[in-house]
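Please read the structure below before turning to the comments.
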Amino acid sequence: MSLLPAQTKLANIKTAKPLLGDWLVIIAGTVLVIFLFANLWSFAPATKLLIRQGDKILGTYNLNQIRTFKIHGPLGDSIISIQNGKVRFVSSPCNNQYCVHQGWLKHAGEVVICLPNQLSLELLGSKKNYDTLNY
């Protein structure tokens, strides 16, 4: 079986080995990604919970307690639980239950929203984290 001219050119091409400059770019990129990850994405624990309904702030609560809230929204009652520095929606009258499926939140900057019932929970820490909303 004979090779076509284009196939013979491809067969003769040798794979190039990475040069010193290639390795420097790879190492510099890896160091930059690690540095940005460590400085921009904080995993600090949250200390407070901010509850909003629509455009109103319903309250700010300390997370170092065990407490359950029943908040009435346009669709019905949502139940929110605080335990040992974590918070979650226990139940909500919305259809898809996305807010309930989010589970426990414990890091500063995390947010869970129940759009149909117009409720949002935001965890606050000692400093405001960077995210796309700060843009």
*Filter pass, Arg88 being surrounded by 10 or more Cβ atoms within 10 Å (Cβ to Cβ), touching a residue at least 60 places away in the same chain (Cβ under 8 Å), basic (Lys, Arg) and not in a helix (DSSP H, G or I)*: no
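Any idea which residue in segment 66-84 is modelled with the lowest pLDDT, counting only those that are in a loop (DSSP other than H, G, I, E, B) and touching a strand residue (DSSP E or B) at 6+ places or on another chain (Cβ under 6 Å)? Before you say what the answer is, go through the steps one by one.
Taking segment 66-84 as the starting set, the residues that turn out to be in a loop (DSSP other than H, G, I, E, B) are 66, 73-76, 84.
From what is left, the residues that are touching a strand residue (DSSP E or B) at 6+ places or on another chain (Cβ under 6 Å) are 66, 73.
Details: Ile66: 92, Gly73: 89.
For segment 66-84, the residue satisfying everything is Gly73.
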*Subset of segment 72-85 [farther than 12 Å from Leu121 by Cα and either in contact (Cβ under 8 Å) with a residue 40 or more places away in the chain or of a type in the set (D, E, K, R) (or both)]*: Gly73, Pro74, Leu75, Gly76, Asp77, Gly85
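Determine whether Ala46 is touching an Asp or Glu at 6+ places or on another chain (Cβ under 9 Å), modelled with pLDDT under 90, within 24 Å of Gly125 (Cβ to Cβ) and surrounded by 12 or more Cβ atoms within 10 Å (Cβ to Cβ). Walk me through how you get there before you give the answer.
Values: touching an Asp or Glu at 6+ places or on another chain (Cβ under 9 Å): yes; modelled with pLDDT under 90: yes; within 24 Å of Gly125 (Cβ to Cβ): yes; surrounded by 12 or more Cβ atoms within 10 Å (Cβ to Cβ): yes.
When the stated conditions are applied, Ala46 passes them.
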*Scan Leu105, Leu119 and give me the residue that is surrounded by 15 or more Cβ atoms within 10 Å (Cβ to Cβ), touching a Gly at 6+ places or on another chain (Cβ under 9 Å) and not small (Gly, Ala, Ser).*
Leu119
*Does segment 50-67 include one or more residues that are in contact (Cβ under 8 Å) with a residue 40 or more places away in the chain and either loosely packed, with under 11 Cβ neighbours inside 10 Å or small (Gly, Ala, Ser) (or both)?*
yes
*asked:* So Leu32 passes all but one of these: (1) modelled with pLDDT of 80 or more; (2) farther than 30 Å from Cys94 by Cβ; (3) exposed (fewer than 10 other Cβ atoms within 10 Å of the Cβ). Which condition number does it fail?
replied: (3)
*Quick one: count up the residues across segment 14-44 that are within 21 Å of the chain's Cα centre (by Cα) and among the polar types (S, T, N, Q).*
2
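Looking only at segment 61-81, decide whether some residue is basic (Lys, Arg), under 21 Å from the mean Cα position of the chain (by Cα) and assigned by TED's automatic domain parsing to the domain that holds Leu124. Break it down into steps so the answer makes sense when it comes.
We begin by selecting, within segment 61-81, every residue basic (Lys, Arg); these are 67, 70.
Okay, now just the ones that are also under 21 Å from the mean Cα position of the chain (by Cα), so none.
Scanning segment 61-81 turns up no residue that is basic (Lys, Arg), under 21 Å from the mean Cα position of the chain (by Cα) and assigned by TED's automatic domain parsing to the domain that holds Leu124.
The values are calculated or read from the model by the stated rules, or taken from the named source; none is laboratory data. Just so you know, these numbers come straight off a predicted model, no measurement behind them. Reconstructed Cβ throughout: ideal geometry from the backbone, glycine too, with neighbour counts over all protein chains shown.
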